[in-house]
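Comments concern the structure below.
The values are calculated or read from the model by the stated rules, or taken from the named source; none is laboratory data. Small disclaimer: the values here were computed from a predicted structure and weren't measured. Here the Cβ is made from the backbone with ideal geometry for all residues, glycine too, and neighbour counts use every protein chain on show. Protein only, heavy atoms only, side chains kept; ligands, DNA and RNA dropped before computing areas. Shrake-Rupley method; radii C 1.70, N 1.55, O 1.52, S 1.80 Å.
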Amino acid sequence: MTNRAFYLYRKLKQEQSAYHQEALQISQEIHEIKKDAQRIQAGLAKLNNHDHTFEQLNLKQLGDFAIKGNESYSFFLNKRIRFRQEITSTYLTNKHVELLSCLNNLLANAIESIDKEGTILLSIYEKNEMTYFEVTDNGAGIAEEDMHHLCEPGFTTKYREDGSPSTGIGLTHVQHIVTDLGGFLQFERSHVTKVCLVIPTKRLEGNQQ
């Protein structure tokens, strides 16, 4: 991401675009985020007695990391949320970075949909050579008219405290990752909201590329 943003900066500068400095600033900010992420990863490795490279994680570890991080996010938002896990698949995967990115997006959305208090369930299981990653919550739910727009770039139902809309790229990002892994997204709305990533197990298991 840093390299792509910096390439954009150089391209805009060559074209004498007024936006080249903004692209450079984005590149620098992404670089700082990368360094922060590396520090966090190193800290997690020390806490869990892992090699800092984190070349693979099993799916139980993946679920634990996702839940721990989002418990902190729910505390930050002053919400009382009970997190549960039902994980029956525990194979190793080297796609843990992509999967954590997806799960963090889904769990954060679930937290934000809950007003003050609620429950979030993370389920990971295998069926018919596919691995399912389900996030279920009892929050506000998805409006019927929004169902077909959820993954559209820029579409959002969330607004910041100053009234400005969120970027609306979270689920778009998730969809791109899942599609690259040969899978797809499912949404269900009833008395609870369920979002599910369905990915071929062979694309995730072991050292598959």
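How much length would be gained if the chain were fully extended between residue 187 and residue 33, taking 0.36 nm per residue of separation minus their Cα-Cα distance, in nm to one decimal? Before the final figure, lay out the partial values.
Numbers: separation 154, 0.36 × 154 = 55.44 nm, distance 3.04 nm.
Extra length from residue 187 to residue 33 when fully extended: 52.4 nm.
Students sometimes get this wrong: rank 2, 88 by accessible area, probe 1.4 Å, all chains present, largest first.
Heavy-atom accessible area, descending, gives 88, 2.
Of the listed pairs 34/202; 13/95; 95/116; 116/202, which have alpha-carbon separations greater than 31 Å here?
On the way: 34/202 29 Å; 13/95 36 Å; 95/116 33 Å; 116/202 39 Å.
Beyond 31 Å between Cα atoms: 13/95; 95/116; 116/202.
What FRET efficiency comes out for residue 176 versus residue 117 if R0 is 30 angstrom and r is the Cβ-Cβ distance? Round to the nearest 0.05. Provide the component values of the computation, followed by the final result.
On the way: r = 33 Å, r/R0 = 1.10.
The calculated FRET efficiency here is 0.35.
For the range 102-115, in order, what is each residue's ³J(HN,Hα) by Karplus, 6.51 cos²θ - 1.76 cosθ + 1.60 with θ = phi - 60°, in whole Hz (x at glycine and Pro)?
5, 5, 4, 4, 5, 5, 5, 4, 5, 4, 5, 7, 8, 5
Ordering 176, 20 from largest to smallest accessible area (1.4 angstrom probe), what's the sequence?
Ranked list, largest accessible area first: 176, 20.
Can you tell me how much longer the chain between residue 17 and residue 100 gets when fully stretched, taken as 0.36 nm per residue apart minus their C-alpha distance, in nm with one decimal?
Extra length available between residue 17 and residue 100 comes to 26.3 nm.
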